[in-house]
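The values are calculated or read from the model by the stated rules, or taken from the named source; none is laboratory data. Computed from a predicted structure; not experimentally measured. Cβ sites come from the backbone with ideal geometry, for glycine too, and all protein chains shown count toward neighbours. Each accessible area value is taken on the protein alone, full model and side chains, heavy atoms only, with ligands, DNA and RNA left out. Shrake-Rupley method; radii C 1.70, N 1.55, O 1.52, S 1.80 Å.
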Amino acid sequence: MKSVDLIGIGMTKFGKRPDKTGRDLLAEAMQEAIMSVDKGIDPKKDIKALFVGYFTPTLYEHQAHYGPLSTEWLGLTGIPAFRTESACASGSAALATGYFAVASGIYDLVMVAGVEKMTTLDTPGVTDALSVAADNVFELPTGITFPGLFALMAQEYFEKYGGNWEDLQAVTLKNHYNGSLNPKAQFQAKISDIAQKIAIKKNVTFKDEMDFLKSKYNPMVAYPLRLFDCSPISDGASVAFLASEEISSRFTDKPLRIKGIGISTDTIALSGRADLTTSEACVNASSAAYEMAGITPDDVDIAELHDCFTINEVILSESLGFFKKGEGLKAAMEGRTALSGDKPINTDGGLKSKGHPVGATGIAMVHEIWKQLRGEAGKRQVKGNPKIGLTCNVGGSTASSMVFIFERSEK
Ligand code: COA
């Protein structure tokens, strides 16, 4: 197997993008990815195949066949291309497929991408579109939604390990703070800024951030999760280029080496699981990735975890071995996962604040690792010259889990 390097990456701003279709978003992200390649890339000559993650284009854009559609729109007609689907991990599925293709020696350079254009539907429409990632026989007939599934995890976590919704707001506050430093984020605002805006608009006062978060302006979505515990509905795209170790120095002297990859699955329905407070798929995927990279969880300097709902950041931080079982919430409350903490998590604001255009998320997580490991993250740059970064992107209620480990390598 050949080693695989990340040589360039780009993403659109996430949020409501009414002026852009999915294919337009891909073109925008690709443009930025091209600009990020230190020594330049000639897409027509250098890219040998394209893998694009998009969960449900048929529901959002009445459009399937995104492989050739993307090659046509991006000026790459003729190369092999197809869409990958693994619910909210569809982007990581593209990344994994691209990795396999380069590692196997079939292609020396591929483009991997992710996109989702969600705001064509209203909230009930998006809720229905997302629901197809759950089990249509054993879950959906109960009327449960994704906020509801993760709310069950939160309830079991608090019951088993203590803590409560107020404690969980450490994740909300942190991720909104980090998002306020990220120009690509959907919500570039701290909770205190949002509270102040609403206070002026509605002529009300809030004692502090928690007073706002407990108010009717943070309505209940699925007990105990409220609006600011949820990732939003977003449009966006992300694009990356992967090259074999033999040719990557033609494109950059500062690539990120993919040191480890782990992929695992679990039952789609939560009813099939013995314990809702651990993601077994993430335990298995991360163990495989650590083993391949020859590292332990302690060696990871920064991580991007799938905080589709605040509780999931806590559960994943434990499932990945960063903290012992039942101690992830305490670690978040102590600031250990903040920008200045010993294990910074979701430095770009996470799905919570950066946004979650489902198919684009996996590669957007890698975008943050690229920025941080290359020292290009601006105001949110983590100190101490981070060297190893990890992404954990999941589909559904973590029924598919994909973990990647990246290492900065300077040639
Ligand atoms: N966090 C913070 N603010 C949010 C938000 C979120 N997740 N979602 C919407 N808002 C804001 C909007 O910007 C808007 O603010 P404004 O009035 O200042 O413009 C306001 O809240 C109302 O937005 P709206 O789109 O009408 O909210 P909604 O009630 O229709 O939808 C959710 C809110 C939480 C139900 C929706 O975002 C959702 O379903 N999220 C989960 C998506 C999901 O399940 N993804 C897959 C994960 S596995």
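Within the stretch 358-411, restricting attention to residues that are over 30 Å from residue 270 (Cβ atoms) and acidic (Asp, Glu), the residue that is farthest from the ligand (Cβ to nearest atom) is 410. Would you tally the residues in the stretch 335-354 being out of contact with any strand residue (DSSP E or B) (no Cβ under 8 Å at 6 or more places or on another chain), part of a loop (DSSP other than H, G, I, E, B) and within 21 Å of residue 119 (Cβ to Cβ)? Number of matching residues: 1. Can you report the number of residues in the stretch 1-31 which are open to solvent by 60 Å² or more (accessible area, probe 1.4 Å) and either aromatic (Phe, Trp, Tyr) or closer than 17 Å to residue 91 by Cα (or both)? Number satisfying all stated conditions: 2. Scanning the stretch 183-238 for residues that are in a strand (DSSP E or B) and open to solvent by less than 40 Å² (accessible area, probe 1.4 Å) yields a total of 7.
Any idea which residue in the stretch 355-411 is farthest from residue 30 (Cα to Cα), counting only those that are in a loop (DSSP other than H, G, I, E, B) and of a type in the set (Asp, Glu)? My answer is 410. One residue alone among 103, 81, 113, 96 is in contact with a Lys or Arg (Cβ under 6 Å, 6 or more places away or on another chain) and more than 16 Å from the ligand (Cβ to nearest atom), and that residue is 103.
Listed here are the residues, each with its yes/no results for (1) of a type in the set (Phe, Trp, Tyr); (2) closer than 30 Å to residue 248 by Cα.
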site	(1), (2)
60	yes, no
68	no, yes
74	no, yes
103	no, yes
106	no, yes
126	no, no
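Can you tell me which residue within the stretch 32-59, out of those that are among the aliphatic types (A, V, I, L, M) and in a loop (DSSP other than H, G, I, E, B), is most open to solvent (accessible area, probe 1.4 Å)?
Going residue by residue through the stretch 32-59, those that are among the aliphatic types (A, V, I, L, M) are 33-35, 37, 41, 47, 49-50, 52, 59.
Then drop every residue that is not in a loop (DSSP other than H, G, I, E, B), which leaves 37, 41, 47, 49.
Details: 37: 8, 41: 25, 47: 3, 49: 1 Å².
This residue is 41.
Provide a single number: the residues in the stretch 204-231 that are near the ligand (Cβ under 9 Å from one of its atoms) and of a type in the set (Lys, Arg). Looking only at that region, the number is 1. On inspection, residue 71 does not qualify as of a type in the set (S, T, N, Q) and open to solvent by 20 Å² or more (accessible area, probe 1.4 Å).
Is there a residue being assigned to a strand (DSSP E or B) and touching a residue at least 12 places away in the same chain (Cβ under 8 Å) anywhere in the stretch 289-298? Show your work before the answer.
Of all residues in the stretch 289-298, those assigned to a strand (DSSP E or B) come to none.
Within the stretch 289-298, none of the residues are assigned to a strand (DSSP E or B) and touching a residue at least 12 places away in the same chain (Cβ under 8 Å).
Out of 104, 86, one residue alone is modelled with pLDDT of 95 or more and within 30 Å of residue 312 (Cα to Cα). It is 86. So which residues in the stretch 232-277 are more than 18 Å from the chain's Cα centre (by Cα), within 16 Å of the ligand (Cβ to nearest atom) and acidic (Asp, Glu), if there are any at all? Result: 266, single match.
Taking the criterion of being more than 16 Å from the ligand (Cβ to nearest atom) and hydroxyl-bearing (Ser, Thr, Tyr), the residues of the stretch 56-78 that qualify are 58, 66, 70, 71, 77. Residue 330 meets the conditions (1) touching a residue at least 40 places away in the same chain (Cβ under 8 Å); (2) in contact with a helix residue (DSSP H, G or I) (Cβ under 7 Å, 6 or more places away or on another chain) in every case but one. The failed one is (2).
Quick check on the stretch 301-334: of everything there that is among the hydrophobic types (A, V, I, L, M, F, W, C) and either part of a helix (DSSP H, G or I) or at pLDDT below 95 (or both), which residue is surrounded by the most Cβ atoms within 10 Å (Cβ to Cβ)? So the residue we want is 314.
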